[in-house]
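These notes concern the structure reproduced below.
The values are calculated or read from the model by the stated rules, or taken from the named source; none is laboratory data. What you see is a predicted model; the values in this text were computed from it and never measured. Note that each Cβ is placed from the backbone with ideal geometry, even for glycine, and that neighbours are counted across all protein chains shown.
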Amino acid sequence: MNKCRFAAGLFLWTWFIATGEGQTLVDLRTQSKSVDFSAATSTKPMQTGSSLPPTCAVGQFFFLTTASAGSNVYACDAVNTWTVEGSSLPVNSSDTNEVLSSNGISTEWLALGGDISGAPGALTVTRLQGRNVSSAAPSSDQVLQWDAATNQWQPAAAETGNASYAFAAQVSITIPGTVHQFGTANLVVACYDNSTPPQEVEPNTVQISPTTYNVTINFTTAQTGYCVVNGAGTASVSGGGGAVTSVFARTGAVMAQTGDYSFGQISGSVGSSQLPSAGGDVSGTLTAATVTGIQNRLVANTAPTSGQALVWNSTASAWQPGTVSGSGAVSSVFGRTGAVASQTGDYGFAQISGSVASSQLPSAGGDLNGTLTAATVTGIQNRVVANTAPTSGQALIWNASASAWQPGTVSGSGAVSSVFGRTGIVTAQSGDYSFPQISGTVGSSQLPSAGGDLSGTLTAATVRAIQGQAVSSTLPGNGQALVWNSAASAWQPSSAAGTGVTMAYQLGDLAAVRASSTALSIGAGCGPTSPCNVRFGYQVYSITNSATATVSGSGIGTAYIYVSPSGTLMVGNNLTVACSAGCIQQAGITSFPPNVLPVYTWTATNGTWDSTGGRDQRAFLSAKTLAAGTGIIDTEAPGLSTLAVDNGVIPTYLMNSATMAFPSIATGGCAADQTLTVAGANPGDAVAPGWPALPAGIFGIMLVSGTNTVTVRLCNLSGSAVTPPSASYKATIVRNY
């Protein structure tokens, strides 16, 4: 080593003399070794100039002084061809308010779009999930609500649960649509009297206008109480159970705060676009990172060839693939090749020269004081040992008063006369202890290595064989089984031979698998010889073809994969999905429709199926017997049971009422007939009349005079002319057929 240093020094000294006297030129490539310029005042490792030379050789570098900062260094990557190193993107006035984006291959300026508009520092949300948001200014307490008529989100009053309206001594009340504000005719109306507790009162009729949404409620006799209107439309919040009184225990304009949600309360998974960009020695995204440096030292992107290693190139200041050759190459380390990592047993203490320094050892602790090379025992099992000097023949005896071990004379039965039945210098022997007498647990380092069908350690064992027969390390594919290969004398993953489905109840065959970023494979195990059968009622359908669902476009949504009551494999979605011949896509689906068999759900983001977006919805179905009771008829169809009332057992009631005003009736005569419409009435049906309070001497009859028509006739036997007051007349038909 000293000879090398002397030779290098003599060389440099000779070089300094030569340059000082004769200006001899030195070829650093052939006349130098391990040159270190770190102490030089300055270095210029490449040519410089205001224009690129017309010719160059591969590997030559040039610093162009007239280029923009960051784009000065050029390399000759082909004969007489200069290429700028690094990358930059020009900035033009046309790029105003655009942001820098990467498509994975290059960078470019892009304008913001999608659901936002405007400059990056003053963005405006104009859409939500691709649906327009109205620019109308909201009022206090309004919410953002979808308006199907204008096809946009717009401010509207919040939804309430129901509304109550009181009345007194009335036979008819009208609740205007402008009062209940539900904005729909799909309403539910219930009325109650003023008793305690309230009793429900059955209205004679309830009419809802399809245009004004006015609710008109009629009773046979005057009633006092209240009616409750409930619906799915929009109404103003006026207290009650429908209003939200606080959010996260805060009122007013509630904004997001730290602690509103924990990660455990957030469903789904974080999208790659929500992660920060990679940095440091890593470029790209965190889900598709590329290592471009090691310890801030550049790694070249040159493709390595078999057997090459990563070698430091001082000229390029980068790690580059290279071949290690010559007598300096190491062919193996500890008998291992490839990426050799340290293992227990690589070195024994006898192979390590020198001795460990006291400064390399940890400080003494516990029952010891000082250093490990000069330790003082100050305790035993965390009990203090007194530093009193012992005298000859004394033993260490526990002093309960001082709570310490102290030197003392052993007398009486306290002395130990033998250990394990042995005296003198007692050493450990097999059988001194049994495992039940040993406290604690054995450490993994104290266990023997795994063997037999296992390899590795007993705490992290790998099954390499079954009953002494080797198991292949080949990665299995979906649905494969472990099959014996006689040629290889090993258990190997393989598709199971034979017919029929591969799993019980076919739950494993009728499944969805992410075949690629844009394709879902559905029912890959379903075929003509191994159909996937589904049952709706007594009808069984066989799925004999696999299907592929391909997603495209942008936006976030969910695909709902299910079997329809007709046995069709469906892919309902709120995305852009195309189905192969084995399935049918159904747009506008945001949940599983009723009366279907769910199979899977899968989320997608911007034309890509999410890698962790699959949710298995398959389940076993129990059987339930549906029996028709007295007066009930049960009609069965595939996947559908229909229950109906048997009119031969249970009577049907047809009912209606109307307000009628009869003219003056002469004594002994009858007034002109008036009619009442009762839907479903037929001539010959018996009528149970509901008469109002008629004047003395006035009697009447009701009869079905035609289809859906009941005739009301009043006659006068009072002895003088009588004019009946306007009143409500009710007709009820009881039918037993």
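Here are the numbers:
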{"item": "Total residues in the stretch 542-560, condition among the hydroxyl-bearing types (S, T, Y) and surrounded by 22 or more Cβ atoms within 10 Å (Cβ to Cβ)", "result": "1"}
{"item": "Wholly enclosed strands (runs of 3 or more DSSP E) of the stretch 121-229 bearing at least 2 residues surrounded by fewer than 16 Cβ atoms within 10 Å (Cβ to Cβ)", "result": "142-147, 162-175, 187-193, 205-208"}
{"item": "Matching residues in the stretch 632-647 - criterion: being touching a Ser or Thr at 6+ places or on another chain (Cβ under 9 Å) and not in a strand (DSSP E or B)", "result": "P638, G639, D646"}
{"item": "Any pair with Cβ under 7 angstrom, 6 or more apart, that starts in the stretch 182-198 at a residue that is among the polar types (S, T, N, Q) and ends at one that is assigned to a loop (DSSP other than H, G, I, E, B)", "result": "T184/Y213; T184/A232; T184/G233; N186/A232"}
{"item": "The stretch 80-112, subset under 20 Å from A300 (Cβ atoms), out of contact with any Leu (no Cβ under 7 Å at 6 or more places or on another chain) and in a strand (DSSP E or B), residue modelled with the lowest pLDDT", "result": "V84"}
{"item": "Criterion violated by S306 - all others in (1) surrounded by 11 or more Cβ atoms within 10 Å (Cβ to Cβ); (2) at pLDDT 80 or above satisfied", "result": "(1)"}
{"item": "Count of residues meeting criterion [outside any loop (DSSP other than H, G, I, E, B) and without any contact (Cβ under 8 Å) to a residue 12 or more places away in the chain] in the stretch 377-395", "result": "1"}
{"item": "Strands (runs of 3 or more DSSP E) completely within the stretch 648-707 that count 1 or more residues being aromatic (F, W, Y)", "result": "652-660, 698-706"}
{"item": "Residue check, A666 modelled with pLDDT of 90 or more, over 28 Å from E202 (Cα atoms) and out of contact with any helix residue (DSSP H, G or I) (no Cβ under 9 Å at 6 or more places or on another chain)", "result": "yes"}
{"item": "Any hit, the stretch 417-431, residues being touching a strand residue (DSSP E or B) at 6+ places or on another chain (Cβ under 9 Å) and either farther than 30 Å from A460 by Cα or assigned to a strand (DSSP E or B) (or both)", "result": "yes"}
{"item": "Residues located in the stretch 433-451, provided they are surrounded by 10 or more Cβ atoms within 10 Å (Cβ to Cβ) and either of a type in the set (F, W, Y) or modelled with pLDDT under 80 (or both)", "result": "Y433, S444"}
{"item": "Single condition Q47 does not satisfy, out of (1) farther than 25 Å from S317 by Cβ; (2) surrounded by 10 or more Cβ atoms within 10 Å (Cβ to Cβ); (3) at pLDDT 80 or above", "result": "(1)"}
{"item": "Candidate set: the stretch 533-563, residues that are farther than 21 Å from V577 by Cβ and in a strand (DSSP E or B); chosen: the one farthest from the chain's Cα centre (by Cα)", "result": "Q539"}
{"item": "Matching residues, the stretch 453-496, being part of a loop (DSSP other than H, G, I, E, B) and in contact with a Lys or Arg (Cβ under 9 Å, 6 or more places away or on another chain)", "result": "D453, S473"}
{"item": "Among (1) at pLDDT below 90; (2) on the phi < 0 side of the Ramachandran plot - the single one D141 does not satisfy", "result": "(2)"}
{"item": "Residue within the stretch 669-689 that is in contact (Cβ under 8 Å) with a residue 60 or more places away in the chain and not assigned by TED's automatic domain parsing to the domain that holds T205 present", "result": "no"}
{"item": "Condition check for A166: under 24 Å from A727 (Cα atoms), outside the structural domain of Y729 (by TED's automatic domain parsing) and modelled with pLDDT under 90", "result": "yes"}
{"item": "Residues that are assigned to a strand (DSSP E or B), free of Cβ contacts under 8 Å to residues at least 40 places away in the same chain, more than 22 Å from A148 (Cα to Cα) and not small (G, A, S), drawn from the stretch 564-593", "result": "M570, V577, C579, I584, Q585"}
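Rundown of residues vs (1) within 26 Å of V599 (Cβ to Cβ); (2) modelled with pLDDT under 85; (3) in the same structural domain as Q585 (by TED's automatic domain parsing), yes/no style:
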{"site": "V463", "(1), (2), (3)": "no, no, no"}
{"site": "G477", "(1), (2), (3)": "yes, yes, no"}
{"site": "N485", "(1), (2), (3)": "no, no, no"}
{"site": "P493", "(1), (2), (3)": "yes, no, no"}
{"site": "T544", "(1), (2), (3)": "yes, no, yes"}
